[in-house]
Amino acid sequence: MRIQSYATYEEMSKAAARYMAAQLLLKPDSVIGLATGSTPIGMYKELIKMNEAGEIDFSDVVTVNLDEYKGLSADHPQSYRYFMNENLFDHVNVFADNTYLPDGEQVDDAKVCKDYDDIIETVGPIDVQLLGIGHNGHIGFNEPADAFTTGTQCITLDERTLQANARFFDGDMTKVPTKAFTMGIGTIMKAKKILLVVTGKEKTEILDKAMNGPVNPAVPASILQLHPDVMVIVDDAALGK
Ligand code: PGA
């Protein structure tokens, strides 16, 4: 794991955007694994600026997102499809047909998971997978468990995740969907490169556990210690500075 630390969230977001931009310059038809949550929003804003300035091109890029809430339609303002459209896809020259997320509206969980694995198998391998980290160490929605997941799963969200995500649902934890589809950890680990972005002092403890603690499915992000090419871009607050 390599780690780069920046004084502020803005600086770390710019650094993360430069990393992605470099990937797109080196390989314009990259397959990029994307993430939702608050942390990557600054990076997405920078990528939009670079795209508007003609510095990077998304026309040959394919994206696969980590996860989607079960039961939310694409036009639900809290769905991750909606988030991605609002925060990136609608503002860059990516083709909508080249952007993939698990289908949150399907009722057949096994079919959603199989379809998503098939999509990733077809468009993959993933060149760069972007990740955030949850307060409980989750990556995607792979919550602490007894074993690491392999392919796409329908999982029940942890209480800690429901609490954290309530802020997007009028602060009401009971409004947060309790289930979600997530890319599995096996799939994440098959990405050629991983970019982990972390901000804020409330993540210091879990980041330390993930990077320096034992590799353990109780801290899902700890598996990243075994990946050969992980770049961790953080702000000083996340490092506890
Ligand atoms: P956050 O989410 O960026 O909103 O903190 C990270 C995550 O839960 O993976």
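The values are calculated or read from the model by the stated rules, or taken from the named source; none is laboratory data. None of the values given here were measured: they were computed from a predicted structure. A quick note on method: Cβ atoms are made from the backbone with ideal geometry, for glycine too, and the neighbour counts reach across all protein chains shown. Heavy atoms of the whole protein, side chains included, go into the accessibility calculation; ligands, DNA and RNA do not. Shrake-Rupley method; radii C 1.70, N 1.55, O 1.52, S 1.80 Å.
Structure values in brief
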item	result
Those residues of segment 188-238 which are among the β-branched types (Val, Ile, Thr) and part of a helix (DSSP H, G or I), in sequence order	Ile188, Thr204, Ile206, Ile223
So Gly213, is it more than 18 Å from the chain's Cα centre (by Cα), open to solvent by less than 60 Å² (accessible area, probe 1.4 Å) and at pLDDT 95 or above	yes
Pair list, Cβ under 8 Å, 6 or more apart: segment 12-34 residue at pLDDT 95 or above, other residue surrounded by fewer than 22 Cβ atoms within 10 Å (Cβ to Cβ) and basic (Lys, Arg)	Ser13/Lys45; Gln23/Lys193
Residue that is nearest to Ala238 (Cα to Cα) [pool: residues in segment 138-161 that are touching a Ser or Thr at 6+ places or on another chain (Cβ under 7 Å) and not polar (S, T, N, Q)]	His138
Any hit, segment 171-187, residues being surrounded by fewer than 17 Cβ atoms within 10 Å (Cβ to Cβ), under 24 Å from Ile3 (Cα atoms) and modelled with pLDDT of 95 or more	yes
Test: residue in segment 78-85 that is over 20 Å from Gly140 (Cβ atoms), open to solvent by 40 Å² or more (accessible area, probe 1.4 Å), within 16 Å of the ligand (Cβ to nearest atom) and not in a strand (DSSP E or B)	no
Restricting segment 115-139 to residues that are open to solvent by 10 Å² or more (accessible area, probe 1.4 Å) and among the small types (Gly, Ala, Ser), the residue that is farthest from the ligand (Cβ to nearest atom)	Gly124
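Residue-by-condition table, conditions (1) open to solvent by 10 Å² or more (accessible area, probe 1.4 Å); (2) more than 16 Å from the ligand (Cβ to nearest atom):
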{"site": "Ala7", "(1), (2)": "yes, yes"}
{"site": "Glu11", "(1), (2)": "yes, yes"}
{"site": "Lys14", "(1), (2)": "yes, yes"}
{"site": "Ser30", "(1), (2)": "no, yes"}
{"site": "Thr36", "(1), (2)": "yes, no"}
{"site": "Thr39", "(1), (2)": "yes, no"}
{"site": "Lys45", "(1), (2)": "yes, no"}
{"site": "Asn51", "(1), (2)": "yes, yes"}
